[in-house]
């Protein structure tokens, strides 16, 4: 079974009902301070931490005196715009004493479905984590309409976990795990300690209802678990209202762990390998040797670019003799790639008229074959 202490990159989902007092509409300051201590504990042991936090609409509706009833779309968006300010300030207030910097990252469903936006989101989050920053991620409720919404932060958190290659996703919930039936209605319901596979029988046990200010029910949590575990990320559902919820989880609090099917990097490579290339990038011998050492593909090592592709599209990586070495997601369009081919990374801005990323294909977005390794050894 996964343990929190083993995680190197953790995504933590925080629901509105935990963060905001449902009667007053105010932040639960003591709870948030305890969460900050938990984040500091994880950061102190070297883990990367991302928080996927609800609460902006709940906070904003309190400021705007909108009450607890259903809101029209424009009212929700206005409440989110107001609440996001207070939410970010609250996280900054509790994490600054621990010398932890935060960043606010607002996303929509389109950002993960569009490959170009996906790569941009991934690069931004990776850079923030490299600086030791804790990103605070939320759906961009101020602009998201129904067709581009996640609609719940369980699935958003799972997609964030996939995007950054997290090895654990923790859903802090109002229940202490996944039950065979609703424990409030069925006294015989039992909690699962570990779920290794989400079978149709497991899915049939999930209900629809959320509670309080939260929208997500157990079905959305199972959807999140499927997304996360298929990408190599273990997931836990645990009761989050205690003052140190992550410390409690580490010390044996009730939870249900969903087992990852493989490690995150292997899952990502498998996802890339299944794609059909939309173009080809021909490499020189130096680029082949660099790839053999696990390096990214830089424009200087490119001799020819063919096909039709945009940013984020898969391209075939070809050796000087035309042999296919692997597949990668390009960070440039074909027009940009042609302009950059054979040039150093420090020339990118002069060639394109704007600064770009140093790598044409980053090593994390690349799958290479055994044939590539053989070429490297003999080159």
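The values are calculated or read from the model by the stated rules, or taken from the named source; none is laboratory data. Just so we're clear, the structure is a prediction, and the values are computed from it rather than from any experiment. With ideal geometry, Cβ positions are generated from the backbone for all residues, glycine too; neighbour counts draw on all protein chains shown.
Do you know which residues across the stretch 88-102 are in a helix (DSSP H, G or I), touching a strand residue (DSSP E or B) at 6+ places or on another chain (Cβ under 7 Å) and touching a residue at least 60 places away in the same chain (Cβ under 8 Å)? Break it down stepwise before answering.
Initial filter on the stretch 88-102 (in a helix (DSSP H, G or I)): 88-98.
So of that shortlist, the ones also touching a strand residue (DSSP E or B) at 6+ places or on another chain (Cβ under 7 Å) come out as 88, 90-92, 95.
90, the sole residue that qualifies.
So for the stretch 345-352 (the condition being touching a strand residue (DSSP E or B) at 6+ places or on another chain (Cβ under 8 Å), surrounded by 14 or more Cβ atoms within 10 Å (Cβ to Cβ) and either farther than 13 Å from residue 282 by Cα or at pLDDT 90 or above (or both)), does at least one residue qualify? Spell out the reasoning first.
Step one: list which residues in the stretch 345-352 are touching a strand residue (DSSP E or B) at 6+ places or on another chain (Cβ under 8 Å), which gives none.
No, the stretch 345-352 has no match at all.
Might you let me know whether the stretch 318-325 holds any residue that is modelled with pLDDT of 90 or more, farther than 16 Å from residue 287 by Cα and in contact with a helix residue (DSSP H, G or I) (Cβ under 6 Å, 6 or more places away or on another chain)? No, because not a single residue in the stretch 318-325 is modelled with pLDDT of 90 or more, farther than 16 Å from residue 287 by Cα and in contact with a helix residue (DSSP H, G or I) (Cβ under 6 Å, 6 or more places away or on another chain). Condition check: part of a helix (DSSP H, G or I) and under 30 Å from residue 262 (Cα atoms). Does residue 18 satisfy that? Judged against the criteria, residue 18 is not a match.
Among the strands (runs of 3 or more DSSP E) confined wholly to the stretch 260-379, which include 2 or more residues that are within 29 Å of the chain's Cα centre (by Cα)?
In the stretch 260-379, 279-283, 314-318, 324-329, 366-368 are the strands (runs of 3 or more DSSP E) which contain 2 or more residues that are within 29 Å of the chain's Cα centre (by Cα).
Would the stretch 326-340 turn up any residue that is at positive phi and surrounded by fewer than 18 Cβ atoms within 10 Å (Cβ to Cβ)? Scanning the stretch 326-340, I find no residue that is at positive phi and surrounded by fewer than 18 Cβ atoms within 10 Å (Cβ to Cβ), so the answer is no.
Report the residue count in the stretch 17-36 for those that are exposed (fewer than 13 other Cβ atoms within 10 Å of the Cβ) and at pLDDT 90 or above. So the answer is 2.
Could you please let me know if residue 128 is crowded, with 17+ Cβ neighbours inside 10 Å, modelled with pLDDT of 85 or more and in a helix (DSSP H, G or I)? Break it down stepwise before answering.
Numbers: crowded, with 17+ Cβ neighbours inside 10 Å: yes; modelled with pLDDT of 85 or more: yes; in a helix (DSSP H, G or I): yes.
Judged against the criteria, residue 128 is a match.
Among the residues of the stretch 68-87, is any under 25 Å from the mean Cα position of the chain (by Cα), touching a residue at least 12 places away in the same chain (Cβ under 8 Å) and assigned to a strand (DSSP E or B)? Before you say what the answer is, go through the steps one by one.
Quick first cut of the stretch 68-87, residues under 25 Å from the mean Cα position of the chain (by Cα) only: 76-77, 79-87.
Those still in the list that are touching a residue at least 12 places away in the same chain (Cβ under 8 Å) too: 76-77, 79-84, 86-87.
Keeping just the survivors that are assigned to a strand (DSSP E or B) gives none.
No.
Of the residues 218, 235, the single one that is crowded, with 20+ Cβ neighbours inside 10 Å and modelled with pLDDT of 90 or more is 235.
Condition (residue is in the same structural domain as residue 10 (by TED's automatic domain parsing), farther than 26 Å from residue 155 by Cα, modelled with pLDDT under 85 and in contact with a helix residue (DSSP H, G or I) (Cβ under 9 Å, 6 or more places away or on another chain)) applied to the stretch 44-60: is it met by at least one residue? Taking every residue of the stretch 44-60 in turn, none turns out to be in the same structural domain as residue 10 (by TED's automatic domain parsing), farther than 26 Å from residue 155 by Cα, modelled with pLDDT under 85 and in contact with a helix residue (DSSP H, G or I) (Cβ under 9 Å, 6 or more places away or on another chain).
For every residue, the table says whether it meets (1) surrounded by fewer than 19 Cβ atoms within 10 Å (Cβ to Cβ); (2) touching a strand residue (DSSP E or B) at 6+ places or on another chain (Cβ under 6 Å).
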{"site": "240", "(1), (2)": "no, yes"}
{"site": "254", "(1), (2)": "yes, no"}
{"site": "262", "(1), (2)": "yes, no"}
{"site": "265", "(1), (2)": "yes, no"}
{"site": "275", "(1), (2)": "yes, yes"}
{"site": "278", "(1), (2)": "yes, yes"}
{"site": "284", "(1), (2)": "yes, yes"}
{"site": "289", "(1), (2)": "yes, no"}
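In the stretch 91-101, the condition of being surrounded by fewer than 16 Cβ atoms within 10 Å (Cβ to Cβ) and within 13 Å of residue 55 (Cα to Cα) is met by no residue. Test residue 17 against the stated conditions and say whether it is out of contact with any helix residue (DSSP H, G or I) (no Cβ under 7 Å at 6 or more places or on another chain) and assigned by TED's automatic domain parsing to the domain that holds residue 161. Answer is yes for this residue.
Among the residues of the stretch 270-290, the ones that are farther than 17 Å from residue 313 by Cβ and at pLDDT 90 or above come to 8 in all. Against the list (1) surrounded by fewer than 14 Cβ atoms within 10 Å (Cβ to Cβ); (2) at pLDDT below 90, the condition residue 71 fails is (1).
Summed over the stretch 297-312, the residues that are surrounded by fewer than 21 Cβ atoms within 10 Å (Cβ to Cβ) and in contact with a strand residue (DSSP E or B) (Cβ under 8 Å, 6 or more places away or on another chain) give a count of 6.
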